[in-house]
Amino acid sequence: MAGLLALTGLGVCLGLGIAGLVLAATEGGTPLVWLRRLLDGWLIAGSLLTLGWVLLLHRADQGSDVWPSLMGLARVVTDILVLGLLAALRFCLNRQERTATTVATVALTILAASDMLRILLPAPGVWCGIPLAGACSVVGLLLVAVTPWLPGGASAMEVDRRATPVIAVVAAFVPVVVCELALAAHALAGGDIDVVMVVLAGSVLIGLGARQGVAHADNLRLMREAAARDAHYRTLVDGSSDVITIVDLDGHLLYVSPAVREVFGYLPEDLVGARLPLYCHPDDMSALLHAVETLRQEAASGTRGPGARVSCRVRTADGRWCHVESTISHHPEGLIFNSRDVTQRVELQEQLEHLAFHDTLTGLPNRALFADRVAHALHKRTASTAPPAVLFVDLDGFKAVNDSNGHATGDALLRQAARRLQDCVRAGDTVARLGGDEFAALLEGEAGVCPFTVREVAERFVSALSKPYRINTTDAVVSASVGIAVATPGITPDELLHNADLAMYQAKAAGKGRIRMLQAAPTDDVVR
């Protein structure tokens, strides 16, 4: 009676251990996944029970005691559980969730102690009437059953529950093979096939069929979900205004999204198979290839960096150059480009920068840009180069024309005056509008060799600006006063501009159409 109770308790614990192993092997999932796990558990338990029943009948036919056989069978099942649990626990890598791993380790230690007691001691002995080896087995299996419910149990298994490895499919047939081999061996030994054996073996076969049906249904569900996700992402990609491109590590285009037709004017099928850099501006090609090469080396070394962001110009199908901003990231097949046309943004930024440093009426550089160029000219000046010169120009009589004929006439006159000033200097010189009717010019190089050359430019200014301005049907006439300042060693940009401004006011004070030159300190190069 005691042996029957011990065997019954051990069998219950084995069932709980098998259930715990099934729970620990995979994460939570859908009802189909849970049903498949239960069937897997029954396939294992049913095959072991069938094997145990065959051994029991075989021992009974020999007239021997059947309890040692069943206890030996329990140890075989325990070893299977130990191996299975070890395979499951290899995924518990979270340092913050080690409770399950600790309990499982204790369980394995107790189970190992149980087997050692049976091996080392013919009669392991009892404690308070309880067999020590059996007690160790029961406690160890109960701990195995509890392990999946502890922190770091099933939730810590970093296994994709949707991925079914090939070995898992093959393993489903192992219980059937065990049953078949047990029945065949029993039949070959001359044993009788009773009802219990048939029921157990039949239940295993039925469980296998049900398990395969559930697995097939779950696979169909996964295929439908995968198709839905694929259609969802395909809709997102096809409907995106960004051009998505997949490139292999050799630089060949594997995929181009349909947006390339709207953005660049090319057909996607015409670009697949082409090689980078495709339609990239020659000046931007090195930056693009450098980013691609960096990511290619990362992929070759197995590292995955944050990707790269590249801006370049791309030639469209109609021959235009558009500014493109691309985010390059790693992809299983190579690299993925997410590109968008930022031409309007770049043009707007250039316009804003132009407005910040140019006069809106004439398009000439404004005071800020002119001062920056003066500072740059003084900075790059060397002893062997001629000193730069600054000319300040003021239109005499402009206020009278503007007040009598209106601001539209005054604006037209200023625009014509700006063009005349630009025609009087070389391309390398700078003409700016400082505000109102005041202009300035920066002469560098040969134009500033001596004051006589600078004066020649100033005289051209006075002559050009004094000619009549034809505005609609009206002729407007103004004159110009010019102040000149030539840079001297050690002079600052502010001092040079101030000297030119003072010279201009001296010219205005002397009368209309006058030229005056002012220097901070006379030198051998400059004659007053």
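The values are calculated or read from the model by the stated rules, or taken from the named source; none is laboratory data. Predicted model, so just to flag it, every value in this text is computed and none were measured. Every residue, glycine as well, gets a Cβ built from its backbone with ideal geometry; the counts of neighbours run over all protein chains shown. Quick note on the areas: whole protein, heavy atoms, side chains included, nothing else; ligands and nucleic acids left out. Shrake-Rupley method; radii C 1.70, N 1.55, O 1.52, S 1.80 Å.
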Q. How many residues does the stretch 287-312 hold that are part of a strand (DSSP E or B) and either closer than 19 Å to residue 252 by Cα or among the aliphatic types (A, V, I, L, M) (or both)?
A. 3
Q) So residue 380 fits all but one of (1) under 50 Å from the mean Cα position of the chain (by Cα); (2) surrounded by 13 or more Cβ atoms within 10 Å (Cβ to Cβ); (3) under 23 Å from residue 491 (Cα atoms); what number is the exception? A) (2)
Q: Kindly provide the set of residues from the stretch 464-506 that are buried (at least 19 other Cβ atoms within 10 Å of the Cβ), farther than 18 Å from residue 432 by Cβ and small (Gly, Ala, Ser), ordered by number.
A: 476
Q: Identify, from the list 361, 335, 355, the residue that is out of contact with any His (no Cβ under 6 Å at 6 or more places or on another chain), outside any strand (DSSP E or B), at pLDDT 90 or above and not hydroxyl-bearing (Ser, Thr, Tyr).
A: 361
**Q.** From the options 265, 213, 302, 251, residue that is touching a residue at least 24 places away in the same chain (Cβ under 8 Å) and surrounded by fewer than 17 Cβ atoms within 10 Å (Cβ to Cβ)
**A.** 265
Q) In the list 452, 439, which residue meets the criterion of being at pLDDT 95 or above, among the aromatic types (Phe, Trp, Tyr) and either touching a strand residue (DSSP E or B) at 6+ places or on another chain (Cβ under 7 Å) or exposed (fewer than 15 other Cβ atoms within 10 Å of the Cβ) (or both)? A) 439
Q: Kindly indicate which of 318, 284, 270 is of a type outside the set (A, V, I, L, M) and either within 30 Å of residue 418 (Cα to Cα) or not in a helix (DSSP H, G or I) (or both).
A: 318
Q. What are the residue pairs meeting all of these: first residue in the stretch 384-410, first residue more than 20 Å from residue 493 (Cα to Cα), second residue open to solvent by 10 Å² or more (accessible area, probe 1.4 Å) and in a loop (DSSP other than H, G, I, E, B), Cβ atoms under 6 Å, and 6 or more apart or on different chains?
A. 395/437; 396/512; 398/437
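Report whether or not residue 310 is within 18 Å of residue 260 (Cα to Cα), crowded, with 18+ Cβ neighbours inside 10 Å and out of contact with any Cys (no Cβ under 9 Å at 6 or more places or on another chain). Don't jump to the end; show me each part of the working.
Numbers: within 18 Å of residue 260 (Cα to Cα): yes; crowded, with 18+ Cβ neighbours inside 10 Å: yes; out of contact with any Cys (no Cβ under 9 Å at 6 or more places or on another chain): yes.
So residue 310 fits the description; yes.
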Q | Conditions (1) closer than 20 Å to residue 434 by Cβ; (2) charged (D, E, K, R); (3) touching a strand residue (DSSP E or B) at 6+ places or on another chain (Cβ under 7 Å); (4) open to solvent by 60 Å² or more (accessible area, probe 1.4 Å); number of the one not met by residue 359 | A | (4)
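For every residue, the table says whether it meets (1) among the polar types (S, T, N, Q); (2) closer than 26 Å to residue 271 by Cα; (3) open to solvent by less than 50 Å² (accessible area, probe 1.4 Å).
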site	(1), (2), (3)
322	no, yes, yes
331	no, yes, yes
339	yes, yes, yes
347	no, no, no
351	yes, no, no
Q.
I'd like the full set of residues that are aromatic (Phe, Trp, Tyr) and at pLDDT 90 or above, limited to the stretch 265-296.
A. 266
Q. If you go through the stretch 451-497 one residue at a time, how many are more than 24 Å from residue 399 (Cβ to Cβ), under 60 Å from the mean Cα position of the chain (by Cα) and not small (Gly, Ala, Ser)?
A. 11
Q) Mind checking which residues of the stretch 318-336 are out of contact with any helix residue (DSSP H, G or I) (no Cβ under 9 Å at 6 or more places or on another chain) and under 17 Å from residue 279 (Cβ atoms)? A) 318, 319
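To keep it simple, each residue is scored yes or no on (1) in contact with a helix residue (DSSP H, G or I) (Cβ under 7 Å, 6 or more places away or on another chain); (2) open to solvent by 40 Å² or more (accessible area, probe 1.4 Å); (3) of a type in the set (D, E, K, R).
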{"residue": "197", "(1), (2), (3)": "yes, no, no"}
{"residue": "205", "(1), (2), (3)": "yes, yes, no"}
{"residue": "209", "(1), (2), (3)": "no, yes, no"}
{"residue": "240", "(1), (2), (3)": "yes, no, no"}
{"residue": "258", "(1), (2), (3)": "yes, yes, no"}
{"residue": "271", "(1), (2), (3)": "yes, no, no"}
{"residue": "283", "(1), (2), (3)": "no, yes, yes"}
{"residue": "289", "(1), (2), (3)": "no, yes, no"}
